[in-house]
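Down below is the structure, laid out as structure tokens.
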Amino acid sequence: MNSRKIPGLIIGGHKAKIPIIQGGMSVGISLSGLASAVANEGGIGVIGASGIGMLEPDFNTNFMGANIRALRKEIRKAKEMTDGIIGVNIMVAATDCADLMLVAVEEGADVVFIGAGLPLRIPKTLTQDRLEKVSTKVIPIVSSVRAAKIIFQYWSKKYNQVPDALVVEGPLAGGHLGFKKEQIQNPDNALDKILTEVISVIKPFEEQFDKNIPVIAAGGIFTGADIYKFMRMGVQGVQMATRFVGTHECDASIKFKEMYLKCKKDDIVIIDSPVGMPGRAIRNQYLDDVFRGIRKPFNCPWQCLKTCDFNEAPYCIAFALTNAKKGKLEKGFAFAGSNAYRVDKIVSVKELIEVLLEEYQKAAALQE
């Protein structure tokens, strides 16, 4: 066996040729274009479901209907463009979480990645019996060993089953983070440390249910050498998002991508999101205004997140991210991972995957 060759990734019968999952970037950044391109290269392409209906004409007046319609369209488009594995990323905190999960299952998404909260109860729209019959696999995203334990123990007792895989996202990720602000720099919360603990917690469940449960590393993974490092630690796959913004196929506007190309390390900041979590973003004039206490008045047509107190929020994060996707950066900002400043050019997804695989093989060769 060639130890330099990158292994595949199996999640509940779905076999990806390479163990790379493109992180689901919501509010229009990863749609069918990016997801299908990644799937065509043997990875798992993921459509971000939150705020996906932004380009539908009735988004402001029929938020849930627009999201449902748009997610159906994007899954169908992706499946027309690839025979590879297509996933959907959904937030537990979203008010339309259950509806979007139902759409993902109905449209035959291969995997549903679910984060921003603990996915404990199966939505009433989806019976356990139905979930067991479909090929869609529900994969939680966690940021602590405690969250992993709670989910696996709950599913085990309540449903007599456990997830087919688990994504562990560290504090270097982009967008909303599963950590309090003061926890982000704490070495105890480094991805390496959390992963080691999670892998040991999952082992008894693998034995109990007699199945392999891949642990997938996420947050701050940027190079093929990073992939190799985490695979050596015992993970079976990685999730990467930031690096895929720098591709032609990424569904964001060119102005959004240029934010990544132009930013410096010091421009990447932690913000207090109106939804009650810290987030990582690229600093710009809009965020400078927010930091100075300037409110951005808005009417909330959606109530899209359960955790958002829209009456007190200084700005609407959904409006801000929607504007950013469209390239209107004076009215919004770009979420980004800690390594966004390292994105220095726009390439095709095919080129990016080739570079990552080369870097992986070089790192493996150095260990021989």
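Of the listed requirements (1) under 20 Å from Ala116 (Cβ atoms); (2) part of a helix (DSSP H, G or I), Gly24 misses just one: (2). Restricting attention to region 83-104 and to residues that are of a type outside the set (Val, Ile, Thr) and assigned to a strand (DSSP E or B), the residue that is farthest from the chain's Cα centre (by Cα) turns out to be Ala94.
Scanning region 96-115 for residues that are out of contact with any Leu (no Cβ under 7 Å at 6 or more places or on another chain) and over 13 Å from Gly48 (Cα atoms), we see that the one that is modelled with the lowest pLDDT is Asp96.
When the residues of region 332-343 are filtered to those that are surrounded by fewer than 23 Cβ atoms within 10 Å (Cβ to Cβ) and in contact with a strand residue (DSSP E or B) (Cβ under 7 Å, 6 or more places away or on another chain), which remaining residue is farthest from Ile18 (Cα to Cα)? Even if it seems obvious, please write down each step before you answer.
Within region 332-343, the subset surrounded by fewer than 23 Cβ atoms within 10 Å (Cβ to Cβ) is 338-339, 341-342.
The next check asks that each one be in contact with a strand residue (DSSP E or B) (Cβ under 7 Å, 6 or more places away or on another chain); those that pass are 338, 341.
Working: Ser338: 24, Tyr341: 26 Å.
Among residues in region 332-343 that are surrounded by fewer than 23 Cβ atoms within 10 Å (Cβ to Cβ) and in contact with a strand residue (DSSP E or B) (Cβ under 7 Å, 6 or more places away or on another chain), the one farthest from Ile18 (Cα to Cα) is Tyr341.
Could you go through region 119-142 and let me know if any residue there is farther than 25 Å from Lys17 by Cα, modelled with pLDDT of 90 or more and outside any strand (DSSP E or B). No: zero hits.
Condition check ((1) surrounded by fewer than 16 Cβ atoms within 10 Å (Cβ to Cβ); (2) free of Cβ contacts under 8 Å to residues at least 60 places away in the same chain; (3) touching a helix residue (DSSP H, G or I) at 6+ places or on another chain (Cβ under 9 Å)) across all residues:
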residue: Ala217; (1), (2), (3): no, yes, yes
residue: Phe222; (1), (2), (3): no, no, yes
residue: Arg243; (1), (2), (3): no, no, yes
residue: Cys250; (1), (2), (3): no, no, yes
residue: Phe256; (1), (2), (3): no, no, yes
residue: Lys265; (1), (2), (3): yes, no, yes
residue: Ser273; (1), (2), (3): no, no, yes
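Being loosely packed, with under 13 Cβ neighbours inside 10 Å and assigned to a helix (DSSP H, G or I) is the filter; apply it to region 344-367 and report the residue that is modelled with the highest pLDDT. It comes out as Glu358.
In region 180-215, the residue that is farthest from Ile11 (Cα to Cα) out of those that are among the charged types (D, E, K, R) and in contact (Cβ under 8 Å) with a residue 12 or more places away in the chain is Lys181.
The values are calculated or read from the model by the stated rules, or taken from the named source; none is laboratory data. On a predicted model such as this, the values are computed, not experimentally measured, just so you know. Every residue, glycine as well, gets a Cβ built from its backbone with ideal geometry; the counts of neighbours run over all protein chains shown.
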